[in-house]
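Structure first, commentary second.
The values are calculated or read from the model by the stated rules, or taken from the named source; none is laboratory data. Because the structure is a prediction, the values reported are computed rather than measured. Note: ideal-geometry Cβ built from the backbone for every residue, glycine included; neighbour counts use all protein chains shown. Side chains are part of the model used for accessible areas, which takes the heavy atoms of the whole protein and leaves out ligands, DNA and RNA. Shrake-Rupley method; radii C 1.70, N 1.55, O 1.52, S 1.80 Å.
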Amino acid sequence: MTARVGVVTFPGSLDDGDAARAVRIAGAEPVRLWHGDPELYGVEAVVLPGGFSYGDYLRCGAIARFAPVMETIVDAAGGGLPVLGICNGFQILCEAHLLPGALTRNQHLHFRNRDQMLRIESAGTAWTNAFQAGQQVLIPVKNGEGCYVADRATLDELEGEGRVVARYVGGNPNGSMRDIAAITNPAGNVVGIMPHPEHAVEALTGPSLDGLGFFTSVLKHLVGTPA
Amino acid sequence: MTTHPDPAVRETPGALPGVPAEPRAATVVPQAGPVDGGRHAEPAPADEWAHGVDTVPRAGGTPEELQPYAELGLRDDEYDRIRHILGRRPTQAELAMYSIMWSEHCSYKSSKVHLRQFGEKAPPSDRLLAGIGENAGVVQVSDELAVTFKVESHNHPSFVEPYQGAATGVGGIVRDILAMGARPVAVMDPLRFGAADHPDTARVLTGVVAGVAGYGNCLGLPNIGGELVFDPCYQGNPLLNALCLGVLPVDRLQNKAAAGPGNVVVLMGAKTGRDGIGGVSVLASATFDDSSEQRRPSVQVGDPFTEKLLIEACLELYDGQLVVGIQDLGGAGLTCALTETAAAAGTGMRVSLERVPLREPSMDPHEILASESQERMLLVVAPDKLDAVLKTAEKWGVLATAIGEVTAPAPDGQPGRLVITWRDHVVVDVPPGSLVDDGPVYARPMREPADLILLQADRAETLPRPVDPEALRATVLRMISSPNLCDKTWVTEQYDRYVLGNTVLAQPEDSGVIRIDERTGLGVALSVDGNGRYARLDPYHGTKLALAEAYRNVAVTGAKPIAVTNCLNFGSPEDPGVMWQFAEAVRGLADGCAELGIPVTGGNVSFYNQTGAAAIHPTPVVGVLGVLDNVEDRVPMGFVPRSGGDHDQLFLLGETHTELSGSEWAWVTHEHLGGVPPQVDLARERVLADLIAEAARVGHLTSAHDLSDGGLAQSLVESCLRRGVAARIAVPERFAGGSMPFVFLFSESAGRVLVSVPRGHEKAFTALCAERGVSWDLIGVTDPAGDALEVHGQFQIGLDELRTAWSSTLPQLFGGPEATQAVQAPAAVTTPSAAAVKEPVVPATEAAAVTPTDAEPIVAAGPAPTAEVEQAPPAEPAGPDAGDTERPAAPDKR
């Protein structure tokens, strides 16, 4: 039985089709979810894709957080539903307080798109168990507001609990504190990542196939987790 | 459709059309809904138009009233013609409409007589589903799919307000593509600015790039290529051209005809405001002078989020077959959309202007008609589909408002009339075709510029050339670090090239390649090219050269070129010299397309790119689209690293002559522009393209890179640096001695391509060349184990040194304080080693921030240039040394 993975479309979502493609290539069935519909249609995991939900107005992710579908997702995440927020999805997860900290304007003030090396710091999450800790992967990064910030206590806590999931290596593209590219919640089922693994799933269009691991991870996780 | 709940008549005066009235303070009045009550008690400022709303009956009764037609850019005879058409003086609203529709920008009145050649000389094509005159040309590429593409200018607004000018330039061309029934899937941005080191260039360039990025990224459209050219001639007139590509199922093609009397006219998208009144139409139709700084308010303001919703809403309407006709609102706003849709169908229309949702309730009829507020589409909808349309709009959160209905043509077969009411008063009653099709057409006087003959006599082939290896080496480094030839990453990494997941090739490749069918791998390749210097020296051949370059850039990916778009950027058409340049350019493009057997499917003309008496170089920008049956077969531009250290053989295809006039070398090293541009032979270009397509198909090629600005040297450097693969080159015998090695490396002869051929394929490949009659030279090999570009017997330059020289220039010019910061900050750079790396992370190079214009510019920079900056190096996580005020790390700078 193929796993069903939901991909939410908010007004202004852009990489939703790409996330759905990545889910499909990983071997699961993508299920498109609509921001205004609180129903999750029995999906076993959810991806919040990249883009500019609600035009990034007010603050990135600040409005999307109040979408009807997010209320359901926040509840379900508390119950262990794997949730991956990519870029704008990461911002939404922070705004929804599923993850600590915030994503702010890139330090150099420019949108930046490049192929970025990451080091996987934690392979213990629902979305990274297909990797080895310490493994380096090449994933496109593209954002204008990807600078991860949090107070020192929070950063220390993230580090101490092994909740920094990935770090930028070979250059920090946006000024994120401690080079943080991805973090997780204490349970490891909710992951926010600034770079775009869904753009590294095909040799034809991506810089590598390294992004696929995030999507196969959740399938592994689901097999190991009795529904 | 012609009644509305609030017939209040506003007796307050308006303002001069085209001149925004005194801003009224109370612009925050919320609107109750799509139909605005619109009562306004506050008095408006009195001026010469203090007569209340100028209705048609009133115009009939006051024939002698003076009208500011001259200020609106209409000539005496044009004004007389309007009076003749209407049989009375125009109302204020009508005058505004005629003035913008008959402006150069909308009517093509100076260019029309020349542009006809594109149709007359076009080769027959059974692929063309829609051509010139539509919002964009549509070309069929498979049984089920068609693509549409077009390039447009937004030059003047981008000088006045670079960010919004560029952003709305992108937004405008995207709506053109959308209006054809297509999903926009990619954009490109040919950009031209003044001298790279001029202080104002930093203002314009950074704003324009941010605007292109801000709008395109937020729409979710990958930016797959473009141009970045610097030349002092563009100092006061930068060129922002924007191209959009769209894909549609063949049966989803839309048209703009407002057919079917009784059908409802719906305005969908953003509310209408005062922005852009007289914006593109008037701005683009008058030469800049010192007052242009004050025209800022007439530049439109973009909201890409609304456009994104508009795109999704429109596509859903198309798929539900809910619209009869559709037209985007761009230059000339509602005026253009209403008149063009009605004229296309021969119908009339009744429109209740007070139904238009307004940002500013105090707007007058002529302002509503002239507003160029962005993100709006006009739909023609059957009455029984109206509910479904409004529901779809609501789903996507965009405003949709029925503002009128289509009316029947006259019983005698004459086209219908466009009747526009404002609170039950008729303010416009015109034959729509008179605005669209019956505008003035001028055969402007033309004369070859008097200086041309002297210019052409001053040939760059007589300039002193480097003759010894040391000078040649220095020239290579100087050339690749010059603003026009250097690495453009500083610009292009501000653009999202990944979104939608179908980008197979993007800048800096020769063409952008987009997969349009995931099932079959069908894709298209697109390139845009222009060379103002060539066109200045010879507009006819210069335009053919631009066409040849774009065509070749498409061909080197293995694609088959099938269609052409163009953006013709010129000075004032009232200058006979400029008009001659324009006519020659159009003739060159039309002839060239006929020779290549591919049609022009659409385009755009931008005149008045002129400050005072100084016009820009004539700058025809040509876009060529090609088809790849399977994008897996695309050929990249860069040398390919091979496992086991295998060499590929490097062949130079085509003939190299001593052609230096108009070249990048002449400009960079001698600030020289003169002589005649390189010869162009389109029959040979065609043979070359066929050869490459065939060689790509059978797997003879691992890379192919076009030769153009900067000649072979530039192509070699770019091919090496793309994936960090070294190469060893031998200068062919006939280029030995004296300055001939220089000619070999820097001549800009057209019709040449650098290809790499894997071992075992060379015999078959050269046999194919011989069979097709393409001349070739075996010039060297790739050197995967090496780390330098070596030209045997001449020089050797390390790839690191090349990369430093190539990629330092733009960050130094435009990087701001980051660049200097980076110089002081050593850190590690990891270069990914995975074979899958398409675009290796290049070591950033600001560390070598020395002026790259000296003969030996870079070598002193020290080892392994890096630019990683970390204020708090996080080598040990949770390090306590960051202090209480931990701050974000400084991003690395490139």
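Data for the structure
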read-out	value
Some residue of segment A:119-131 being closer than 30 Å to A:G79 by Cα, within 10 Å of another protein chain (Cβ to nearest Cβ), part of a loop (DSSP other than H, G, I, E, B) and open to solvent by 10 Å² or more (accessible area, probe 1.4 Å)	yes
Selected residue [under 30 Å from B:M349 (Cα atoms), open to solvent by 30 Å² or more (accessible area, probe 1.4 Å), modelled with pLDDT of 95 or more and of a type in the set (V, I, T)] from B:V301, B:V265, B:V282, B:V250	B:V250
Test: residue in segment B:142-158 that is modelled with pLDDT under 95 and of a type in the set (D, E, K, R)	no
Residues of segment A:192-227 classified as within 12 Å of chain B (Cβ to nearest Cβ) and of a type in the set (G, A, S), total	5
Selection within segment B:445-498 - in contact with a helix residue (DSSP H, G or I) (Cβ under 8 Å, 6 or more places away or on another chain), within 14 Å of chain A (Cβ to nearest Cβ) and within 19 Å of B:S719 (Cβ to Cβ)	B:D487, B:K488, B:T489
Of residues in segment B:643-664 being under 26 Å from the mean Cα position of the chain (by Cα) and crowded, with 23+ Cβ neighbours inside 10 Å, the one nearest to the other protein chains (Cβ to nearest Cβ)	B:S663
Any chance B:H657 is over 21 Å from B:E762 (Cα atoms) and not β-branched (V, I, T)	yes
Residue tally, condition at pLDDT below 95 and assigned to a helix (DSSP H, G or I), over segment B:317-334	1
Extreme residue, modelled with the lowest pLDDT, among residues of segment A:58-80 that are over 14 Å from A:V8 (Cα atoms), hydrophobic (A, V, I, L, M, F, W, C) and in contact with a strand residue (DSSP E or B) (Cβ under 9 Å, 6 or more places away or on another chain)	A:C60
Scan of segment A:137-149 for residues that are more than 7 Å from chain B (Cβ to nearest Cβ), open to solvent by less than 20 Å² (accessible area, probe 1.4 Å) and either of a type in the set (D, E, K, R) or over 21 Å from A:G51 (Cβ atoms) (or both), ordered by number	A:V137
Selected residue (only one of A:G134, A:G80 is in contact (Cβ under 8 Å) with a residue 60 or more places away in the chain and more than 8 Å from every other protein chain (Cβ to nearest Cβ))	A:G80
Segments classed as strands (runs of 3 or more DSSP E), wholly inside segment B:402-506, with at least 3 members that are in contact with a Gly (Cβ under 9 Å, 6 or more places away or on another chain)	B:418-422, B:503-505
Unique match (being touching a residue at least 24 places away in the same chain (Cβ under 8 Å), part of a strand (DSSP E or B), open to solvent by 10 Å² or more (accessible area, probe 1.4 Å) and aliphatic (A, V, I, L, M)) among B:V680, B:V605, B:V621, B:V640	B:V605
Qualifying residue in segment B:624-633 (condition: out of contact with any His (no Cβ under 7 Å at 6 or more places or on another chain), surrounded by fewer than 24 Cβ atoms within 10 Å (Cβ to Cβ), in a helix (DSSP H, G or I) and within 14 Å of chain A (Cβ to nearest Cβ))	yes
Hits in segment A:163-188 (condition: within 10 Å of another protein chain (Cβ to nearest Cβ) and surrounded by fewer than 21 Cβ atoms within 10 Å (Cβ to Cβ))	A:R167, A:V169
Subset of segment B:703-730 (residues that are buried (at least 21 other Cβ atoms within 10 Å of the Cβ) and part of a loop (DSSP other than H, G, I, E, B))	B:L707, B:S708, B:D709, B:G710, B:V725
Unique residue being among the basic types (K, R), modelled with pLDDT of 90 or more, assigned to a helix (DSSP H, G or I) and not assigned by TED's automatic domain parsing to the domain that holds B:D424 when the list is B:R88, B:R83	B:R83
Members of segment A:41-69 found to be over 24 Å from B:E307 (Cα atoms) and touching a residue at least 40 places away in the same chain (Cβ under 8 Å), listed by number	A:E44, A:A45, A:V46, A:V47
Positions within segment B:357-392 being among the aliphatic types (A, V, I, L, M) and either touching a Phe, Trp or Tyr at 6+ places or on another chain (Cβ under 6 Å) or crowded, with 24+ Cβ neighbours inside 10 Å (or both), in sequence order	B:M363, B:I368, B:L369, B:A370, B:M377, B:L378, B:L379, B:V380, B:V381
Extreme residue, farthest from the other protein chains (Cβ to nearest Cβ), among residues of segment B:514-540 that are in contact (Cβ under 8 Å) with a residue 40 or more places away in the chain and part of a loop (DSSP other than H, G, I, E, B)	B:D538
Residue count, segment A:13-36 (criterion: touching a helix residue (DSSP H, G or I) at 6+ places or on another chain (Cβ under 8 Å), surrounded by fewer than 22 Cβ atoms within 10 Å (Cβ to Cβ) and within 11 Å of chain B (Cβ to nearest Cβ))	4
Answer residue from segment A:56-75, given it is in a helix (DSSP H, G or I) and open to solvent by 10 Å² or more (accessible area, probe 1.4 Å) and is farthest from the other protein chains (Cβ to nearest Cβ) among those	A:D75
Only one of B:V141, B:V147, B:V208 that is open to solvent by 10 Å² or more (accessible area, probe 1.4 Å), in contact (Cβ under 8 Å) with a residue 12 or more places away in the chain, in contact with a strand residue (DSSP E or B) (Cβ under 6 Å, 6 or more places away or on another chain) and more than 23 Å from B:R376 (Cβ to Cβ)	B:V141
Residues satisfying the stated conditions in segment B:335-356, i.e. among the hydrophobic types (A, V, I, L, M, F, W, C), crowded, with 22+ Cβ neighbours inside 10 Å and assigned to a helix (DSSP H, G or I)	B:C336, B:A337, B:L338, B:A342, B:A343, B:A345, B:L353
Candidates B:S572, B:S511 - the one that is of a type in the set (S, T, N, Q), out of contact with any Phe, Trp or Tyr (no Cβ under 7 Å at 6 or more places or on another chain) and more than 14 Å from every other protein chain (Cβ to nearest Cβ)	B:S511
